[in-house]
Amino acid sequence: MAKDTASQEIMEILRPVLGEELAAAIIEHRKRTLKKPLTAYAARMQAREYLMTGDPVGAAEMQIFRGWQAIKCDWYLKEKAKEAGSINSSTRRTTVDAARDFLSGEDHSWDAFGFPGIRRH
């Protein structure tokens, strides 16, 4: 019975921050995937970290997706910055390629976004 009470307490801590389904997913992730069940104390710590990210749902989903035992705000923000950097770097590369094509005199005006075979309307 104590186990059920502990699970309910953990759910009550995470539910307001993550919602019912994601809170249950985090509990399941820790229990089955990592074999390291959450305690109520750890759940309170995690709830604070989720809230500090400004995107608790995104942070919890990242934790599950990456197979992390826990998440800290700075880990989440660092990963989001990396993702944004890789998007920006691919945009810069595309812009450089477009400029290079323009300067070389190659006419790619017929392709949409540099993908041959996709015509602009």
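Suppose the filter is open to solvent by 30 Å² or more (accessible area, probe 1.4 Å), free of Cβ contacts under 8 Å to residues at least 60 places away in the same chain and on the phi > 0 side of the Ramachandran plot; does Lys31 pass it? If you could, list the steps in order and put the result at the bottom.
Details: open to solvent by 30 Å² or more (accessible area, probe 1.4 Å): yes; free of Cβ contacts under 8 Å to residues at least 60 places away in the same chain: yes; on the phi > 0 side of the Ramachandran plot: no.
No, not satisfied.
The residues of the range 38-55 that are open to solvent by less than 30 Å² (accessible area, probe 1.4 Å) and either under 14 Å from Lys72 (Cβ atoms) or without any contact (Cβ under 8 Å) to a residue 12 or more places away in the chain (or both), listed by number, are Ala42, Gln46, Ala47, Tyr50, Thr53.
Taking Glu61 as the residue in question, decide whether it is under 16 Å from the mean Cα position of the chain (by Cα) and free of Cβ contacts under 8 Å to residues at least 40 places away in the same chain.
Considered against the rule, which asks whether it is under 16 Å from the mean Cα position of the chain (by Cα) and free of Cβ contacts under 8 Å to residues at least 40 places away in the same chain, Glu61 comes out as yes.
Is it the case that the range 48-60 has a residue that's within 18 Å of Glu21 (Cα to Cα) and part of a loop (DSSP other than H, G, I, E, B)?
Applying the first criterion (within 18 Å of Glu21 (Cα to Cα)) to the range 48-60 yields 50-51, 55-60.
Then drop every residue that is not part of a loop (DSSP other than H, G, I, E, B), which leaves 55.
So far as the range 48-60 goes, yes, one or more of its residues are within 18 Å of Glu21 (Cα to Cα) and part of a loop (DSSP other than H, G, I, E, B).
Given the criteria among the hydroxyl-bearing types (Ser, Thr, Tyr) and surrounded by 13 or more Cβ atoms within 10 Å (Cβ to Cβ), does Tyr76 qualify? Yes, satisfied.
May I ask you to list the residues in the range 16-47 that are touching a Lys or Arg at 6+ places or on another chain (Cβ under 6 Å) and either of a type in the set (Lys, Arg) or not in a helix (DSSP H, G or I) (or both)? Even if it seems obvious, please write down each step before you answer.
Filtering the range 16-47 down to residues touching a Lys or Arg at 6+ places or on another chain (Cβ under 6 Å) leaves 23, 30, 36-38.
Arg30, Lys36, Pro37, Leu38, listed by residue number.
The values are calculated or read from the model by the stated rules, or taken from the named source; none is laboratory data. Everything numeric in this text was worked out from a predicted model, so none of it was measured. Neighbour counts run over all protein chains shown; Cβ positions are idealised from the backbone, glycine included. All accessible areas refer to the heavy atoms of the entire protein, side chains included, with ligands and DNA or RNA removed. Shrake-Rupley method; radii C 1.70, N 1.55, O 1.52, S 1.80 Å.
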